[in-house]
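Here is the structure we will look at, set down as structure tokens.
Derivation of every value follows stated rules applied to the coordinates shown; laboratory data play no part. As the structure is a computational prediction, the values presented were derived from the model and not from experiment. Positions of Cβ are backbone-derived with ideal geometry, glycine not excepted, and every protein chain shown enters the neighbour counts.
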Amino acid sequence: MAKAPAKDPFRCVECGWSATKWVGRCGECQAWGTVEEIAAPKKLSLVAGSFTTPAKPIGDVDLASAKARSSGVSELDRVLGGGLVPGAAILLAGEPGVGKSTLLLTVAAETAKQGILSLYISGEESASQVRLRAERLNAIDKNLWLAAESDLGAVIAHIDSVKPELLVIDSIQTISSTTVDGSPGGVTQVREIAAALIRIAKERSITLVLVGHVTKDGSIAGPRLLEHLVDVVLNFEGERHSRLRLIRAIKNRFGASDEVGCFDLNDSGIVGLPDPTGLFTSRHTDPVPGTCVTVALEGRRALLAEIQSLVSNGNPDGRDWGNSRRVTSGLDNSRTAMTLAVLELRAGIKISGRDVYVATVGGMKITEPSADLAVALSVASAAKGLALPADLVAIGEVGLAGEIRKVTGITQRVAEAARLGFKRAIVPVGSDLKIAGIEILEASRVEQAISKVKIN
């Protein structure tokens, strides 16, 4: 008598959701192409196998092979926790056109200039296309090898031939194998090929860098298992029309997972920015109403950001017809709307019936609440037509009752402002700051902060 088939023979490889028949989209995680048929279970073998390297006391394990070496790009080294570790698998994800290929070609060239063999595998472009980009980036070196391949077997053959210490795969979704089920770029193909490349990198102490595409919602395309297989997951982000690029460490087994690297993408390539403040602030020869500087924390870095506001004159009759506009750029819409309501109801700044535009400088995105006070002072300055002092920074969260709340990392924020030449800082009451070279102005409410800067 034949055995009855499994109750749910199809299962999602992402979340484990099961179904009685194949569907194109998972009913739980809503991912496309992740539902696969479950193979018949096999009896687990308990026979001892052979090992590649015998176990040894942990104190006798060699550390020299696991020490990081510089990639030649200081901002990337900061995020990685020191540099490229032999045998490490790094996944770099980002939207199309953000500069992933440009960054990794620069890293491969700088590594090659240190006398380290580097192999760059391009599955999306031809070798001549990559060579043109290398000419523009001045990334030509005898130790940098280039190949355009999309087959896993050919990639392994190149690895055996060149014997590199740095391997860049651009991108993992373009590499396929005829021995693996599924279409190229599919979930099964990406999982198996990534696992094979990581295994080779671990066995031969090769630093492996994989380029990954992202979906429409910004998550890494492919199975979630891919993030668990690699040692480091980096997210490369930035606006298409902005020069600023940020690298965030989402996962890092060799360093802190909250570090951020800043880059400037220009005509000559991509350049690290150890001090990117100039991109987010603008220096005015004369004081301009509606500008206020705050300090935002990106990972462990304190970055100065300028907030600019513009408030229209409103209707001639002074009445609110309900058609006033609230436009933000680089800030959270809901928090900005809340701050504007508090500003009018608690501080008496008349903005109803007037168009309000609030934006950050340089395309910087601020989502943390520490910028609320700077937004409030900027809008109040624009509404009154009175300029704030040029040497002032404002840091604090604004509550619905008009109070100014404490924020994290206040000492680091104010110290960074003092280092860059600012002389005054408005902070929440109880911050207890004593930093040389900068005057600390404490305020408990929004109206008190406005009166301290003399724009009421």
Taking only Cα atoms of segment 374-456, radius of gyration then Dmax in Å: 12.1, 33
Give me the Å³ per residue figure for the convex hull around the C-alpha atoms of segment 279-452. 106
Rounded to the nearest 0.05, what FRET efficiency do Glu344 and Ser70 have when you use their Cβ-Cβ distance and R0 = 60 Å? 0.70
Taking the number of other C-beta atoms within 10 Å as the exposure measure, put Asp62, Asp332 in order starting with the fewest. Asp62, Asp332
Hey, what does the equivalent ellipsoid look like for segment 219-276, semi-axes from the Cα gyration tensor as sqrt of 5 times each eigenvalue, largest first, whole Å? 25, 15, 8
Which of Thr336, Thr215 has the fewest Cβ neighbours within 10 Å, and the rest in rising order: Thr215, Thr336
Two-decimal ratio, segment 167-314, of alpha-carbon radius of gyration to 2.2 N^0.38 Å: 1.40
Neighbouring Cβ atoms within 10 Å as the yardstick, rank Cys262, Cys292, Cys26 fewest first. Cys26, Cys262, Cys292
Projected area averaged over all directions for the convex hull of the alpha carbon atoms of the chain, nm², comes out at 30.9
Could you give the C-alpha radius of gyration of segment 403-450 expressed as a fraction of 2.2 N^0.38 Å, taking N as the number of residues it contains? 1.09
For q values of 0.17 Å⁻¹, compute log₁₀ I(q)/I(0) with the Debye formula on a Cα-only model of segment 67-274, without solvent. -1.20
Using a basic spin-label model with each label point 7 Å from the Cα along Cα→Cβ, how many nm lie between Arg319 and Arg240? 4.4
Reciprocal mean inverse distance between Cα atoms of segment 103-204 - Kirkwood radius, Å: 13.9
